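Visitor: Submitted below is the structure of interest, expressed as structure tokens.
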Amino acid sequence: MRRARWPFIAYLAVISVMVLPLVLAGLAVLPADTRPDLYVLAVPLARGNDPMALLAFIGGFSAATAMVVAETIALSTMATNDLLAPLLLRRQTDGGEGDLGRRLLRVRRVIIAAIVAAALWYGTSIGDELSLASIGLIAFAGVAQFAPALIATVGWGFADTRAARGGLIGGVVVWAYCLLMPSVLGGFGASLAKASGGLLDPDALMRVALGSPLVNGTVWSLGVNIALMAGLHLYAARRRVFGGGTACWITSRPLAS
């Protein structure tokens, strides 16, 4: 690991540096309305270098295929091992480990098909309005919903699973409302804003706009996540205090009086 550290950093640096001349060439020779996602194909096509464009397309297609395969398998494995395996283990009464393994394999195949179908539906629903970078930022905002519980657990020994679960669910709901649904349904935000008098506008909830739609959705979803997690934790601690004993603020476990 120690020997591989610097070659890996150098690899990332070289890959990142290669983006700069491509962007500069795209800005210099391509029309202003060209999508930056297509610079790698548009630049050689604009210069009449069809073989280079074909080579770039083959490289991008193979990289995209590898990413889809790797991420789909990773997501299906996470869903099977962390969500479904505990439920199946609780209900396992007979058949042994072999039967459970075959059942998990069938479930994983179904999850893989569901993930690919959901990704295909999302890709066809958004059209050409969103760039690849915008889609990635929306996804990062969704993954960020795990941060409050993770930081609280690692940094302060937070162990209130119900509060963490409630905060995560609330944050994901707000993220889907403010960022995911507007990206799929073009008139989603405008119709809701008009119907609610601006209170339920995804870009300005409660008529409070916090910067761009991405920043607004991220701040609101993380704010609801943290508020719910803290509120549910305080509520549980309050019930334990009035029920007897002294509640531990950090671990949510009652201590002896």
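The values are calculated or read from the model by the stated rules, or taken from the named source; none is laboratory data. The model shown is predicted, which means the values in this text are computed figures rather than measured ones. When we count neighbours, we look across all protein chains shown, and the Cβ atoms used for this are built from the backbone with ideal geometry, even at glycine. These accessible areas exclude ligands, DNA and RNA; they are computed on the full protein's heavy atoms, side chains included. Shrake-Rupley method; radii C 1.70, N 1.55, O 1.52, S 1.80 Å.
Visitor: Pull out a ≥ b ≥ c, the square roots of the eigenvalues of the alpha-carbon gyration tensor of the range 37-165, then state rounded if a/c is under 1.5, prolate if not and a/b is larger than b/c, and oblate in the remaining case. Don't skip to the answer; put the middle values down first.
Guide: Details: a/c = 3.14, a/b = 1.70, b/c = 1.85.
Note, shape of the range 37-165 comes out oblate.
Visitor: Using heavy-atom solvent-accessible surface (probe 1.4 Å) with all chains present, what is the largest-first order of Asp37, Asp50? The partial results should precede the final answer.
Guide: On the way: Asp37 60, Asp50 95 Å².
The most accessible residue leads, giving Asp50, Asp37.
Visitor: So, one more: Please compute the length gained on full extension between Ser191 and Arg239, using 0.36 nm multiplied by the number of residues separating them and subtracting their Cα-Cα distance. Intermediate values should be presented prior to the final figure.
Guide: Details: separation 48, 0.36 × 48 = 17.28 nm, distance 4.17 nm.
That pair, Ser191 and Arg239, stretches by 13.1 nm at full extension.
Visitor: Using only the alpha-carbon atoms, what does the chain span along each of its principal axes? Please give whole angstrom values in decreasing order.
Guide: The Cα atoms of the chain stretch 79, 57, 41 Å along the principal axes, largest first.
Visitor: If you count, for each residue, the other Cβ atoms within 10 Å and average over each peptide, how do 133-143, 12-22, 215-225 line up from highest to lowest? Kindly include the intermediate steps, with their values, before the conclusion.
Guide: Working: 133-143: 14.6, 12-22: 9.9, 215-225: 21.1.
Answer by packing, highest mean first, reads 215-225, 133-143, 12-22.
Visitor: May I ask you to give the percent of accessible area on the chain that is carbon plus sulfur, with a probe radius of 1.4 Å? Let's see the in-between values first.
Guide: Details: 12520 of 17410 Å².
Summing carbon and sulfur atoms, their accessible area is 72 percent of the total for the chain.
Visitor: Bin all alpha-carbon pair distances of the range 110-151 at 5 Å intervals from 0 and give each bin's fraction as a whole percent.
Guide: Bin by bin from 0 Å, the calculated values are 5, 19, 18, 22, 19, 12, 5, 0.
Visitor: Which value, to two decimals, describes the C-alpha radius of gyration of the range 139-178 once divided by 2.2 N^0.38 Å? Each step should come with its number before you reach the end.
Guide: On the way: Rg = 10.5 Å, N = 40, 2.2 N^0.38 = 8.9 Å.
Ratio of Rg to 2.2 N^0.38 Å for the range 139-178: 1.17.
Visitor: Give me the 1.4 Å probe accessible area per residue for the range 1-74, excluding ligands and nucleic acids, in Å².
Guide: Details: 5940 Å² over 74 residues.
On a per-residue basis, 80 Å².
Visitor: Under the rule of at least 5 residues apart or a separate chain, name every residue whose amide H is placed under 5 Å from the amide H of Asp201.
Guide: Here the answer is Met206, Arg207, since their amide H atoms fall under 5 Å of that of Asp201.
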